[in-house]
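Here the structure is laid out as structure tokens; the discussion comes afterwards.
The values are calculated or read from the model by the stated rules, or taken from the named source; none is laboratory data. Not measured: the values here are computed from a predicted model. Here the Cβ positions follow ideal geometry from the backbone for every residue, glycine too, while neighbour counts run over all protein chains shown.
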Ligand SMILES: Nc1ncnc2c1ncn2[C@@H]1O[C@H](COP(=O)(O)OP(=O)(O)O)[C@@H](O)[C@H]1O
Ligand SMILES: [Mg+2]
């Protein structure tokens, strides 16, 4: 049995289907990611798997425990880092962890030992006695990850772990996530709308859009499934050149953007002179050209018919919850 299994997991809100009969499994020790734009249904899926929301239909199990019938056992086996920050900013880092550890009923000795372990895992030992309100965004995120690990969960859920963080801090968080996956053997389920994050962290990815999983595979296989080099062309008449290139049998996936075109070809470098010849005959002027191997963005485009970058504005992490009360509510539910 896999560590996470779902069958037809579905959530509707007043007739609107946010998560639509999703089916996937995650193996022990894997880093598995849901990649999808805002509103795709990622958080709703995490909320169902972590017993915060009841599914409308379908079922799932975590570490063999049913999310509907064995909720307490599920919660004991998981750590969660929610999309919205849920820390007590008037407490120190250590106190936040201690509160969490007490909630899980860890003995004073275990608490002390474990707090030191998780703090050192995310490099916060020196900052443990500082009030969280004085932490930077990256430090808060690391503390939340540490808290999720306090009770040595089998599975750690990370909902958009680096949302709103700067590039350098995001890199650091990635390293910690890799480390805890390797050193603690924690299975990780994460969601993200960042291609680079999914690419760097995940063993396997499910691409999710409008509540449906479109494809699940390793990052390499997904890129191979797109199967060709991607050429990006800036040119004077995008629409006309698109129509013209679509007539060529060796060109696939011609997609117009505002000022440029992307297209798929085999052996891209060899096709560039041919494309320039066509442009000359058509009297289209090309101002720049770029050839590259497929990225996850191309994979997304291939499976959804649109680019994720173009329709995914940055969502700020500005929603706050009442921390201590929130956790107690979750634990007792
Ligand atoms: N409590 C709710 N009531 C109504 N609609 C909701 C609720 N939660 C989420 N949704 C809707 O469900 C869809 C999926 O949301 P969500 O799971 O948060 O997406 P993601 O995390 O991928 O951005 C969105 O269209 C969102 O507006
Ligand atoms: Mg979300």
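Anything in the stretch 95-108 that is in a helix (DSSP H, G or I) and either touching a residue at least 24 places away in the same chain (Cβ under 8 Å) or more than 24 Å from residue 332 (Cα to Cα) (or both)? List them, or say none. Steps first, please.
Going residue by residue through the stretch 95-108, those that are in a helix (DSSP H, G or I) are 95-103, 108.
Scanning the stretch 95-108 gives 96, 97, 99, 100, 101, 103.
Pick out the one residue from 121, 149 that is closer than 23 Å to residue 74 by Cα and touching a helix residue (DSSP H, G or I) at 6+ places or on another chain (Cβ under 7 Å).
Selected residue: 149, the only one of 121, 149 that is closer than 23 Å to residue 74 by Cα and touching a helix residue (DSSP H, G or I) at 6+ places or on another chain (Cβ under 7 Å).
Filter the stretch 145-174 down to the residues that are buried (at least 22 other Cβ atoms within 10 Å of the Cβ) and within 16 Å of ligand 2 (Cβ to nearest atom), then identify the one that is nearest to residue 107 (Cα to Cα).
Top of the filtered list is 157.
Identify, please: which residue in the stretch 6-16 is farther than 14 Å from residue 46 by Cα and within 16 Å of ligand 2 (Cβ to nearest atom) and is, among those, surrounded by the fewest Cβ atoms within 10 Å (Cβ to Cβ)?
16
Does the stretch 37-46 contain any residue that is within 25 Å of residue 198 (Cα to Cα), buried (at least 17 other Cβ atoms within 10 Å of the Cβ) and more than 16 Å from ligand 2 (Cβ to nearest atom)?
Within the stretch 37-46 (the criterion being within 25 Å of residue 198 (Cα to Cα), buried (at least 17 other Cβ atoms within 10 Å of the Cβ) and more than 16 Å from ligand 2 (Cβ to nearest atom)), the answer is no, since none of the residues qualifies.
Do any helices (runs of 4 or more DSSP H) lying entirely in the stretch 118-202 carry at least 2 residues that are within 12 Å of the chain's Cα centre (by Cα) and within 16 Å of ligand 1 (Cβ to nearest atom), and which ones are they?
Working: elements: 137-149, 167-183, 195-201.
Once the helices (runs of 4 or more DSSP H) in the stretch 118-202 are filtered for at least 2 residues that are within 12 Å of the chain's Cα centre (by Cα) and within 16 Å of ligand 1 (Cβ to nearest atom), what remains is 195-201.
If I filter the stretch 101-112 for residues that are within 16 Å of residue 326 (Cα to Cα), within 16 Å of ligand 2 (Cβ to nearest atom) and in the same structural domain as residue 133 (by TED's automatic domain parsing), do I get at least one hit?
No, the stretch 101-112 contains no residue that is within 16 Å of residue 326 (Cα to Cα), within 16 Å of ligand 2 (Cβ to nearest atom) and in the same structural domain as residue 133 (by TED's automatic domain parsing).
Where residues in the stretch 26-36 are within 19 Å of residue 209 (Cβ to Cβ) and in contact with a helix residue (DSSP H, G or I) (Cβ under 6 Å, 6 or more places away or on another chain), which of them is farthest from ligand 1 (Cβ to nearest atom)?
33
Assess whether residue 16 counts as being closer than 20 Å to residue 104 by Cα and either out of contact with any helix residue (DSSP H, G or I) (no Cβ under 6 Å at 6 or more places or on another chain) or in the same structural domain as residue 139 (by TED's automatic domain parsing) (or both).
No; evaluated as a whole, the condition is false for this residue.
Inspect all residues belonging to the stretch 76-87 and state whether any of them is away from ligand 2 (no atom under 16 Å from the Cβ), outside any strand (DSSP E or B) and without any contact (Cβ under 8 Å) to a residue 24 or more places away in the chain.
no
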